[in-house]
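To start, the structure under review is shown below, and the notes come after it.
The values are calculated or read from the model by the stated rules, or taken from the named source; none is laboratory data. A quick note: this is a predicted structure, and the numbers were derived from the prediction, not measured. Cβ coordinates were reconstructed from backbone atoms using ideal geometry, including for glycine residues, and neighbour counts include every protein chain displayed.
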């Protein structure tokens with residue numbers, strides 16, 4: 001880390017985890033992790049890190065191996081993500097998250113893998129900083145170019161999870177140092193690096209200006225989820241059984257449960273109707 005970056009300390013109220021995934025592909029719903037590297041930074045500046053190779057239990061396509069260098073032979077004796085999931089979950093517990101293109105890829109895929117392993121995951125009480133989004137809004141470059149631009153160094157080992165993770169952390173520190181209008185707080189950095197506000201990670205469900213969940217695709221694009229569920233009660237069942245990410249399905253279930261929960265001030269008849277709707281008794 002160069003001298004200028006070394007002087008910069010991230011302004012934290014709680015730990016933040018920088019992480020990077022190498023995977024079998026780019027489909028959030030079906031592809032698997034083959035390497036994960038985590039760098040946990042504490043408010044006092046202390047750091048801890050772990051990097052694991054992962055047996056995805058599926059064939060790693062040659063196109064993916066050509067990018068990150070991880071082959072089927074390299075991971076055949078490594079633990080599966082299900083075996084690593086408790087350690088990963090514990091390391092990120094209570095932490096904000098950060099990465100490079102993490103809002104659109106790494107966080108959604110990590111969520112899918114954790115949920116496949118039977119560990120719940122959500123972003124409640126977490127903030128997410130996407131260093132790539134800050135970079136693209138400010139400079140429009142790639143990770144390697146960004147490392148050279150901000151830190152003045154060549155990124156050795158690009159597309160290796162550990163090298164990419166540490167480079168991402170250094171870039172964020174340098175970005176804060178470089179841009180006077182970039183506030184050194186997780187809330188501000190998260191807001192600046194966010195794209196359209198999403199209710200789920202994959203972007204199938206967004207928030208409108210009234211903070212209502214809306215569909216971003218298909219025949220109901222732009223309409224609120226609650227409105228659609230009232231008009232077409234079977235649409236939720238269709239999505240739950242279709243090939244959507246697990247986290248998207250979780251968000252839809254929570255909306256459905258919220259709709260059917262008795263609300264404050266409801267009459268007994270209205271409460272009964274809500275319970276009938278919840279348990280499909282009418």
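Taking residue 175 as the residue in question, decide whether it is without any contact (Cβ under 8 Å) to a residue 60 or more places away in the chain, assigned by TED's automatic domain parsing to the domain that holds residue 106 and touching a helix residue (DSSP H, G or I) at 6+ places or on another chain (Cβ under 6 Å).
Criteria met by residue 175.
Is it fair to say residue 165 is surrounded by fewer than 21 Cβ atoms within 10 Å (Cβ to Cβ), assigned by TED's automatic domain parsing to the domain that holds residue 8 and closer than 25 Å to residue 203 by Cβ?
no
Scan the range 74-93 and give yes if some residue there is surrounded by 13 or more Cβ atoms within 10 Å (Cβ to Cβ) and closer than 23 Å to residue 142 by Cα, otherwise no.
Within the range 74-93 (the criterion being surrounded by 13 or more Cβ atoms within 10 Å (Cβ to Cβ) and closer than 23 Å to residue 142 by Cα), the answer is no, since none of the residues qualifies.
Where in the range 99-154 are there helices (runs of 4 or more DSSP H), lying fully within it, with 3 or more residues that are surrounded by fewer than 24 Cβ atoms within 10 Å (Cβ to Cβ), out of contact with any strand residue (DSSP E or B) (no Cβ under 7 Å at 6 or more places or on another chain) and without any contact (Cβ under 8 Å) to a residue 12 or more places away in the chain?
Answer list for the range 99-154: 143-151.
Hey, can you tell me all the residues within the range 30-63 that are exposed (fewer than 15 other Cβ atoms within 10 Å of the Cβ) and under 19 Å from the mean Cα position of the chain (by Cα)?
30
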